[in-house]
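Have a look at the structure below, then the notes.
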């Protein structure tokens with residue numbers, strides 16, 4: 001029997017239209033002055049206004065920061081923190097994709113703890129406490145609403161993570177109505193990102209890999225596999241959208257406790273250097289990392305296969321393994337996503353730089369079930385090119 005720790009969000013509110021309950025559910029917890037962290041596109045799309053209205057109806061004053069961008073740099077965090085401090089925030093609401101939620105986590109922490117961002121990168125470096133925090137995802141992919149992780153771009157290309165249980169929010173609210181306007185490509189890429197979270201959590205070499213995470217990962221894959229094509233191709237299907245949100249959340253809970261590995265380690269440099277969205281970066285390297293890991297993960301991949309591809313349930317273990325990898329290799333094409341690194345503008349002569357960058361992701365590579373050398377990383381990029 002292994003010894004493990006499993007931590008997650010204390011309260012989850014889910015269901016279409018549940019954003020209207022925000023004031024009643026979270027108003028007292030967030031206090032009288034709420035810093036809302038989001039991005040300009042969501043505000044212009046009208047997706048943030050229901051949250052603002054619910055908070056104001058509960059008597060709260062609101063300060064809205066809309067400067068979050070994909071792969072947010074440190075300057076964005078610092079600007080959002082400065083605005084929240086000047087406002088005298090008593091609580092923080094993050095609404096948006098993973099970038100907005102990650103920034104909101106750090107705003108809640110830095111406004112109260114007074115720590116410096118540079119001092120808390122890594123695992124377990126946070127010393128202080130945070131302001132009350134509520135997170136509302138508008139994509140079904142990152143699972144950031146239930147993870148103790150915030151990823152920030154440092155310098156020109158590198159991404160670093162702040163990892164601490166302190167970053168887990170008080171409430172995660174999942175309302176599929178907020179995801180109905182997601183374009184098909186974003187829905188597809190973020191959905192595959194969630195699948196990667198589940199797969200890597202299930203096979204993580206972390207000493208904290210545990211039966212709770214593995215069970216959540218399998219259920220996440222069942223939901224994601226059954227609904228991703230409907231969510232992508234029939235984007236107004238509210239049932240499919242809500243199932244994707246729940247699947248993404250379950251995968252987030254899984255990898256929050258059994259951390260991800262080489263797919264993410266190789267995806268981060270793609271996003272950092274070429275600004276490829278994170279979910280798509282994962283999708284581009286996923287099949288090739290699966291093939292690399294297969295000698296160490298054949299039984300695990302065979303176990304996961306029927307969760308994602310129900311038709312493999314009656315197959316032999318060998319058939320399930322092959323079907324799992326082949327099915328995930330074909331999925332991006334079925335969802336009309338780019339499938340090769342060259343399709344997103346990455347030159348072949350830059351793959352060596354990507355391999356160098358990937359080897360810096362030691363926090364992630366240590367969790368991979370098969371050791372990854374620089375030569376291995378380069379070979380994976382070559383296969384993906």
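Just so you know, all these numbers are worked out from the coordinates, no wet-lab data involved. Everything quoted here is computed from the prediction, not taken from an experiment. Here the Cβ positions follow ideal geometry from the backbone for every residue, glycine too, while neighbour counts run over all protein chains shown.
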| note | Connecting every pair of Cα atoms under 10 Å apart in the chain and solving the GNM, the largest mean-square fluctuation among 142, 236, 179 falls on 236
| message | As a footprinting exposure proxy, order 33, 348 by other Cβ within 10 Å, with the fewest listed first. | response | 348, 33
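Considering only DSSP beta bridges where both residues belong to the chain, give the percentage that are antiparallel (nearest 5).
Rounded to the nearest five, the antiparallel share is 25 percent.
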| query | Going by how many other beta carbons lie within 10 Å of each one, how would you line up 4, 324, 255, fewest first? | reply | 4, 324, 255
| Calculated on alpha-carbon atoms, Rg and Dmax of the stretch 11-178 in Å | 14.3, 42
| field | Estimated FRET transfer efficiency when R0 is 22 angstrom, pair residue 311-residue 219 (beta carbons, to 0.05) | value | 0.75
| Antiparallel bridge percentage (DSSP; both residues within the stretch 11-178; nearest 5) | 25 percent
| task | List the relative contact order of the stretch 221-304 as a percent without decimals, with contacts defined as Cα pairs under 8 Å and 6+ residues apart. | result | 21 percent
| Gained length - residue 273 relative to residue 86, 0.36 nm times residue gap less alpha-carbon distance | 64.0 nm
| query | What list do you get for 202, 309, 6 if you sort them by fewest beta carbons within 10 Å? | reply | 6, 309, 202
| request: Set the Förster distance to 35 Å, then compute FRET efficiency between residue 348 and residue 298 from the Cβ-Cβ distance, nearest 0.05. | output: 0.70
| Counting alpha carbon pairs within less than 8 Å and at least 6 residues apart, what relative contact order, in whole percent, applies to the chain? | 15 percent
| On a 0 to 90 degree scale, rounded to 10, what angle separates helix 74-87 from the longest Cα axis of the chain? | 20 degrees
| Helix 374-384: angle to the longest alpha-carbon principal axis of the chain, degrees 0 to 90, nearest 10? | 90 degrees
| field | In nm, spacing of pseudo-spin labels at residue 69 and residue 360 (7 Å Cα→C-beta vector) | value | 1.9 nm
| message | Suppose each label sits 7 Å from its Cα in the direction of the beta carbon; what would the residue 7-residue 382 distance come out to in nanometres? | response | 4.2 nm
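Grab the alpha carbons of the chain, take their convex hull, and tell me the volume per residue in Å³.
Value for the chain: 121 Å³ per residue.
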| Distance from the stretch 30-69 to the stretch 357-385 (C-alpha centre basis), Å | 39 Å
| field | In nm, spacing of pseudo-spin labels at residue 40 and residue 21 (7 Å Cα→C-beta vector) | value | 3.5 nm
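Rounded to the nearest 500, what is the 222 nm mean residue ellipticity of the chain from helices alone, with -39500 (n - 2.57) per DSSP H run of 4+ residues and division by all residues?
Mean residue ellipticity, 222 nm, calculated: -17000 deg cm²/dmol.
Write down, largest first, the equivalent ellipsoid semi-axes of the stretch 182-384 in whole Å, where each equals the square root of 5 times an eigenvalue of the alpha-carbon gyration tensor.
24, 20, 16
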| said: At 0.36 nm per residue, and after removing the present C-alpha to C-alpha distance, how many nm does the segment from residue 334 to residue 229 gain when stretched out fully? | reply: 37.0 nm
| task | Specify the angular offset, from 0 to 90 degrees and rounded to the nearest 10, of the alpha carbon long axis of helix 211-233 from the longest principal axis of the alpha carbons in the chain. | result | 90 degrees
| Taking R0 as 22 Å, what's the FRET efficiency between residue 115 and residue 32 from their Cβ-Cβ distance, rounded to 0.05? | 0.35
| field | Cut-off 16 Å (backbone N to label point 7 Å along Cα→Cβ of residue 238), residues of the stretch 176-191 | value | 176-182
